[in-house]
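Working notes, beginning with the structure itself.
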Number of protein chains: 2
Amino acid sequence: VTASAAETYSAPGYGVENLPYGSFAPDGEDPRLGVRLGNVVIDVRGLLNGSGAFGAPGRGRTVSAEALAAVAGTNLDRLLAAGRPIWREVRAEISELVTSLSAREIAPNVHPLAEVALFLPFTVADYVDFYASENHAINAGRLFRPGQAPLTPNWKHLPIGYHGRAGTIVPSGTPVVRPSGLRPEPDGTPSFGPSRRLDIEAEIGFVVGGAAPSGRVPLSHASEHLFGVVAVNDWSARDLQAFEYVPLGPFLGKSFATSISHWVVPFEALQHARVPSGPRDVAVAEYLDDTSAEPGGLDIVLEVALDGEVISRPPFAGMYWTSAQMLAHITVNGASLRPGDFFASGTVSGPLASQMGSLLELTWGGAEPLRLASGQEVGFLNDGHEIVIRAEAPGPNGTRISLGEVSGRIIGREEQR
Amino acid sequence: VTASAAETYSAPGYGVENLPYGSFAPDGEDPRLGVRLGNVVIDVRGLLNGSGAFGAPGRGRTVSAEALAAVAGTNLDRLLAAGRPIWREVRAEISELVTSLSAREIAPNVHPLAEVALFLPFTVADYVDFYASENHAINAGRLFRPGQAPLTPNWKHLPIGYHGRAGTIVPSGTPVVRPSGLRPEPDGTPSFGPSRRLDIEAEIGFVVGGAAPSGRVPLSHASEHLFGVVAVNDWSARDLQAFEYVPLGPFLGKSFATSISHWVVPFEALQHARVPSGPRDVAVAEYLDDTSAEPGGLDIVLEVALDGEVISRPPFAGMYWTSAQMLAHITVNGASLRPGDFFASGTVSGPLASQMGSLLELTWGGAEPLRLASGQEVGFLNDGHEIVIRAEAPGPNGTRISLGEVSGRIIGREEQR
């Protein structure tokens with residue numbers, strides 16, 4: 001008996017139960033859609049075409065023309081536009097091929113991960129960032145608005161969100177140049193210069209597919225549009241943000257860069273990670289009421305490392321609002337959806353000090369620096385600091401589903417020139 | 001002497017000194033880039049190709065291959081990406097052709113405006129909305145935050161802005177469906193339903209071209225990226241906005257629709273409209289300091305009509321912040337620019353009651369309804385109401401430059417089904 005490609009290549013977090021999508025290019029070749037299995041990337045179009053030397057003559061005929069067209073692009077864009085029936089067909093076909101064929105049979109379409117370039121997995125249409133962790137909202141409220149009630153009166157009635165800058169979403173590994181802007185000074189007059197309070201936000205992001213020209217996607221239809229998830233680092237300059245954000249919200253404090261992981265894990269791979277969302281203590285409007293729906297939470301655990309040392313493990317399972325609620329909220333006013341729309345959860349913070357998803361919270365506004373094993377004391381990010389956020393969820397039969405990692409190193413403006 | 005095409009077709013506001021760009025399609029044909037002259041639309045690619053029957057053999061050779069490629073798309077996208085030298089070349093060539101050729105010579109590329117379909121003139125990348133009128137900011141501050149200082153402490157230090165939803169920018173004439181969402185009720189518990197305070201915001205929008213991958217476009221380079229202007233109606237649901245906007249800014253109250261005019265007037269057509277910006281009384285950071293630059297204001301006057309009756313004439317000349325300052329601000333933190341980025345000024349309001357750019361201000365939060373000539377009392381917008389915003393600026397030699405109009409009629413959700 002010959003081992004299947006899945007058996008040959010699977011590695012923890014990247015078995016056949018995961019199969020996340022990304023955009024890759026073998027050395028000197030054009031970008032294309034890939035799927036990750038262990039530490040190899042499989043050329044999806046090549047695999048599904050059933051052509052060439054991998055030894056499955058005629059297989060191509062079982063795949064619809066729509067599915068073949070949807071995987072023929074440079075990234076996920078065409079598949080996102082194709083809609084959920086095609087998402088299912090493509091995933092099922094990939095899954096069957098890698099379990100029924102041997103590594104040798106699919107070899108022409110296999111590339112070692114270490115030998116390919118990776119790109120942003122899809123073209124971002126509109127980007128919305130939410131604020132869906134109650135622990136984070138309470139902590140941020142205390143730090144940004146001391147003396148006031150930390151949660152604003154609207155917080156439990158709707159998932160608060162705002163539009164971010166789609167054009168500055170970058171793939172994992174992209175260096176982040178320290179932003180400059182106006183920083184509040186004690187005398188009330190701002191000074192201009194590099195941010196002194198550069199921070200991270202560990203989040204989970206949701207990639208939207210299909211189109212809803214008239215908006216109003218009810219909770220019951222959210223899964224038609226929720227294609228997959230990524231890990232997100234929403235870099236934040238807390239000083240710029242603090243000076244600018246009243247009354248129209250964050251702008252320059254967030255718009256310089258938002259990093260996402262290279263691999264989009266399909267929602268289909270997260271069925272075993274479904275859990276009830278965090279408990280809610282205020283009744284919500286019907287369009288947000290998921291009490292009779294299937295569990296909308298996801299048991300994803302994030303891990304934040306600074307220069308290689310884990311500084312936090314935020315649990316996504318405790319989030320107050322679910323991805324389906326966020327999607328229903330974005331569209332309830334009639335706002336249309338496009339393929340490639342993207343929204344993120346906002347900082348994921350658990351109730352414990354070891355579960356907070358930002359340095360703002362981990363150091364309580366910089367007042368209580370972290371002491372790393374190296375002896376280094378860290379308030380906010382220094383030039384040279386590298387942040388890596390990883391995320392993982394349970395898969396079937398005790399397996400794990402990795403959401404990969406999103407990394408970024410801070411560089412000063414001078415370094416960039 | 002045969003009259004030139006320009007003499008034959010020019011109409012007030014749309015003479016050869018204007019020549020705004022749009023995307024149009026003759027009946028049954030594909031969309032293409034057009035330029036408006038009076039009440040005709042000229043197919044730009046056809047004109048510049050110098051081919052066919054219009055009688056200027058060999059003309060095409062004077063146009064660069066880059067320019068020909070830049071006008072070959074379905075809309076402005078390729079021209080925006082081509083950069084300013086190509087913008088100048090294309091405009092100069094169009095201008096020379098329509099003044100040197102007769103109407104008969106360019107006839108194959110001319111279409112009566114009434115016989116073409118018009119589309120969004122460019123693909124919107126990221127959309128930012130500012131808040132650059134001091135009069136508007138003071139009025140809105142008084143209405144949204146009674147009892148507090150109307151201008152927040154940051155207002156005169158930076159042009160406050162936030163990202164809006166690029167995917168719901170629609171062309172003039174698109175009906176606007178009344179949005180639903182959570183509305184504040186006197187007892188503090190919100191109710192869900194159609195907005196009761198649906199409003200307009202009369203604004204000027206700026207279309208960005210070229211790319212700045214590292215951001216940081218200084219004031220002195222802003223003109224390299226400022227391609228043109230449009231009239232904007234940033235529809236606003238004041239009740240949804242009031243409930244949701246603290247602390248992360250407007251979201252559903254704005255994201256359902258933003259209408260823009262069909263025609264993008266090039267900055268080159270607005271050289272005679274340049275005026276100093278409104279007086280400033282607080283020193284600003286160097287990246288915003290335009291005291292030694294050429295005047296950055298624009299003498300554009302808007303006109304707002306409700307069901308055909310003019311209700312306001314907001315003057316853009318008095319805006320506190322200029323388009324160059326807004327662009328410098330967007331990018332000062334290193335945020336990249338892409339061709340098709342778009343930003344709007346925020347509501348344009350003058351100091352007089354007859355110059356306010358929103359119903360919020362014109363009716364003082366609905367407390368003082370407008371009395372129309374028809375006898376109708378108007379607080380906020382009813383279903384069936386139609387808003388038309390027009391804008392105009394001075395051109396050379398006493399001519400006028402029209403920014404066209406942006407119109408929209410409110411329809412109820414039931415009507416839409």
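Just to be sure I understand the model, the point goes 7 Å from the Cα along the line to the Cβ. What's the resulting A:Glu415 to B:Arg413 distance in nm?
Result for the modelled spin labels: 5.0 nm.
Taking chain B as a Gaussian network, Cα atoms linked when under 10 Å apart, which of B:Gln325, B:Gln376, B:Gln241 shows the biggest mean-square fluctuation?
Judging by the Gaussian network model, the answer is B:Gln376.
Taking 2.2 N^0.38 Å as the expected size of a compact globular protein, what ratio does the Cα radius of gyration of chain A give against it, to two decimals?
1.00
List the residues of region A:79-108 whose backbone N lies under 15 Å from a point placed 7 Å from the Cα of A:Asn39 along the Cα-to-Cβ direction.
Nothing falls inside the zone, counting backbone N under 15 Å.
What total accessible area, in Å², is buried where chains A and B meet, using a 1.4 Å probe and rounding to the nearest 100?
Using a 1.4 Å probe on protein heavy atoms, the buried area is about 4900 Å².
Give me the net charge for the shell around A:Glu185: Cβ to Cβ below 15 angstrom, other residues only, Lys and Arg +1, Asp and Glu -1.
Net of charged neighbours comes to +1.
As an exercise, identify the trypsin sites (Lys or Arg not before Pro) in region A:121-182 lying in DSSP coil whose Cβ has no more than 12 other Cβ atoms within 10 Å.
Passing both the DSSP loop test and the Cβ count: no residue.
Of all accessible surface on chain B at a 1.4 Å probe, what whole percent is carbon and sulfur?
51 percent
Report ³J(HN,Hα) in whole Hz for each residue of region A:263-276, in order, from the Karplus equation J = 6.51 cos²θ - 1.76 cosθ + 1.60 where θ = phi - 60°; Gly and Pro get x.
3J(HN,Hα) across region A:263-276, in whole Hz: 10, 9, 7, x, 3, 4, 7, 10, 4, 7, 9, 5, 9, x.
For an R0 of 60 angstrom, estimate the FRET efficiency from the Cβ-Cβ distance between B:Gln271 and A:Arg371 and round to the nearest 0.05.
0.50
With a cut-off of 20 Å, note down the residues of region B:94-109 whose backbone N falls inside the zone around a label point 7 Å from the Cα of B:Asp27 toward its beta carbon.
B:107-109
Add +1 for every Lys or Arg and -1 for every Asp or Glu among the other residues with Cβ under 15 Å from the Cβ of A:Leu372, and state the total.
-4
Hey, in the GNM for chain B with a 10 angstrom Cα cutoff, which one of B:Ala285, B:Ala202, B:Ala82 fluctuates hardest?
B:Ala285
Roughly how many whole Å is it from the C-alpha centroid of region A:238-307 to that of region B:98-168?
That distance is 31 Å.
Do any residues of region A:336-350 show a loss of at least 50 square angstrom of accessible area between the isolated chain and the full protein assembly, using a 1.4 Å probe, and if so which?
Residues meeting the cut-off: there are none.
If Lys and Arg each add +1 and Asp and Glu each add -1, what is the summed charge of the other residues whose beta carbon sits under 10 Å from the beta carbon of B:Ala5?
Net of charged neighbours comes to -1.
Would you calculate, for the protein assembly as shown, the mean residue ellipticity at 222 nm contributed by helices, counting each DSSP H stretch of 4 or more residues as -39,500 (n - 2.57) and dividing by all residues, to the nearest 500?
-5000 deg cm²/dmol
In a Gaussian network model over chain A where Cα atoms closer than 10 Å are linked, find which of A:Pro190, A:Pro314, A:Pro179 has the largest mean-square fluctuation.
Evaluated over chain A, the most mobile residue of the options is A:Pro190.
How large is log10 I(q)/I(0) at q = 0.05, 0.07, 0.09, 0.11 Å⁻¹ when the Debye formula is applied to the Cα atoms of the protein assembly as shown, each weighted equally and without solvent?
The Cα Debye sum returns log10 ratios of -0.28, -0.55, -0.91, -1.32.
Taking 7 Å along the Cα-to-C-beta vector as the label spot, tell me the A:Ser95-A:Thr291 distance in nanometres, rounded to one decimal.
Distance between the two pseudo-spin positions: 3.4 nm.
Hey, what do the phi angles of region B:151-166 turn into as Karplus ³J(HN,Hα) couplings, whole Hz, using 6.51/-1.76/1.60 and θ = phi - 60°, x for Gly and Pro?
Values, residue by residue: 8, 5, x, 7, 4, 8, 9, 7, x, 5, x, 8, 7, x, 8, 5 Hz.
Please work out the FRET efficiency for the pair A:Asn397 and A:Ser220, using the Cβ-Cβ distance as r and a Förster radius of 35 Å; give the result to the nearest 0.05.
0.75
The values are calculated or read from the model by the stated rules, or taken from the named source; none is laboratory data. Given the structure is predicted, the values throughout are model-derived calculations rather than measurements. Note: ideal-geometry Cβ built from the backbone for every residue, glycine included; neighbour counts use all protein chains shown. Note: areas computed on protein heavy atoms with side chains; ligands, DNA, RNA excluded. Shrake-Rupley method; radii C 1.70, N 1.55, O 1.52, S 1.80 Å.
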